[in-house]
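Notes for the one structure printed next.
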Amino acid sequence: MKIFIGIFGLIIWLPLLQMVFSFNVGNQIQENRVLATAPIFAEFSGIDLYARDGVKWFNDNYGLRNILIKTKNQLDYSIFNTSKRVHVGKNGWLFYKSVIDREQPAVESYLQENSKAVLNGLNILAQELNKRHIQLVVTIGPMKNVFYGDQTPNIVRPLDLNRQVVKLEDGLRGMKNIIFIDSVGILNDVSSRRQVFHKTDFHWNDPAAYEVAKSLVNQLSKFEKKNLLWSQNVSIDLLETSGGEAMFMPLFFPPKEKSLMVRKTWQEPPSIYSENIKPFQWVYEQRPTNANLLQPIVVLGDSFFDGMVRAGLPIYFQKVYRAHWNSVSIPQLVNELPKDTRYVFLEFIEVSVGSYQGLAKEVINK
């Protein structure tokens, strides 16, 4: 009896002890936000604000928070096959609820009103770049429920075949002053032969990114009237991983998968790699360069572009300037384009409302 009382008492006091002495218990939870910090009392007149901030701090920092949250989530997932943040699909497939439930409908609503403005904005941008002998290149990365909607849980409504994103892509195919890389069409063909998205991660897998990168390089080869430059064949490895959606649930034992990865079979040429060259995250430059390579490209992209880099994309260009949508606007990028820029490549995913707004803004403001 005394042992039981002692254990019960330890359980009661353990959360408080963890808060006081700040000892680590388990891995941190991936929350994609900054946790609240302890408020500082300034003066009595601000006590309401102090109390409100104190509640926020406690909710983010109470003792054994990570363990308690993971315990609840593990029970939900293991027993009820559900999760607060992620749609638990069939056959091990996971889908962010925020993407399916909020972001895709929000994009449809935005494009319903502003699709013409987005296309007009792209047209204006292409014309402005063309005056400087720069070619605009665009691709829109699809979400994985576009290809694996049959793997979503039954509570998820099937995607409408006539979505606004599809109509926008049709408009891009008809534009003569841009080069449109049809990611959906490319992956439709590939998906009949192999998986093109991770089961437990948000992104397309690297062999899928390889196919899009290959199409980009070969289309620009034709534009420069060169022989098709992409030379290496894809070589695929299987690697056990647990992707971002699995880690976001969060669980003690996140689900894993055998992910398709590109095996590096190509030789890296001599090059210089520089980071944090504002407004660019990095710049890759082959040294020495040669006329057989594609001319310099400026990429404004997101994390989907990382797979294209891992697939070997940079080795086909004299220089690659890499910028991120989160750190630079389109007008800023255009104003700061390097003098040797030959291509501007806009790569964004279909649920990137900010990217659409950035493209339409110039037209709307006029």
Selected residue [under 21 Å from G301 (Cα atoms), in contact (Cβ under 8 Å) with a residue 40 or more places away in the chain, surrounded by fewer than 19 Cβ atoms within 10 Å (Cβ to Cβ) and aliphatic (A, V, I, L, M)] from A126, A106: A106
E240, sole failed condition from (1) surrounded by 15 or more Cβ atoms within 10 Å (Cβ to Cβ); (2) out of contact with any Leu (no Cβ under 8 Å at 6 or more places or on another chain); (3) in a strand (DSSP E or B): (1)
If you go through the stretch 243-271 one residue at a time, how many are open to solvent by 40 Å² or more (accessible area, probe 1.4 Å) and in a loop (DSSP other than H, G, I, E, B)? 9
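Restricting attention to the stretch 172-192, which residues are surrounded by 15 or more Cβ atoms within 10 Å (Cβ to Cβ) and in a helix (DSSP H, G or I)? Steps first, please.
Start the filter on the stretch 172-192 by keeping residues that are surrounded by 15 or more Cβ atoms within 10 Å (Cβ to Cβ), which leaves 172, 175, 178-184, 186-187, 190-191.
Selection gives L172, S183, V184, I186, L187, V190, S191.
Across the stretch 154-171, which residue is farthest from the chain's Cα centre (by Cα) among those that are of a type in the set (D, E) and part of a helix (DSSP H, G or I)? Spell out the reasoning first.
From the stretch 154-171, those of a type in the set (D, E) are 160, 169-170; that's our starting set.
So of that shortlist, the ones also part of a helix (DSSP H, G or I) come out as 169-170.
Working: E169: 19, D170: 23 Å.
Of everything passing the filter in the stretch 154-171, D170 is farthest from the chain's Cα centre (by Cα).
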Counting residues that are at pLDDT below 95 and among the basic types (K, R), which helices (runs of 4 or more DSSP H) fully inside the stretch 46-146 reach at least 3? 65-80
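The values are calculated or read from the model by the stated rules, or taken from the named source; none is laboratory data. These numbers come from a predicted model, not from an experiment. Quick reminder, even Gly has a Cβ in these numbers, built from the backbone with ideal geometry, and neighbours come from all protein chains shown. Each accessible area value is taken on the protein alone, full model and side chains, heavy atoms only, with ligands, DNA and RNA left out. Shrake-Rupley method; radii C 1.70, N 1.55, O 1.52, S 1.80 Å.
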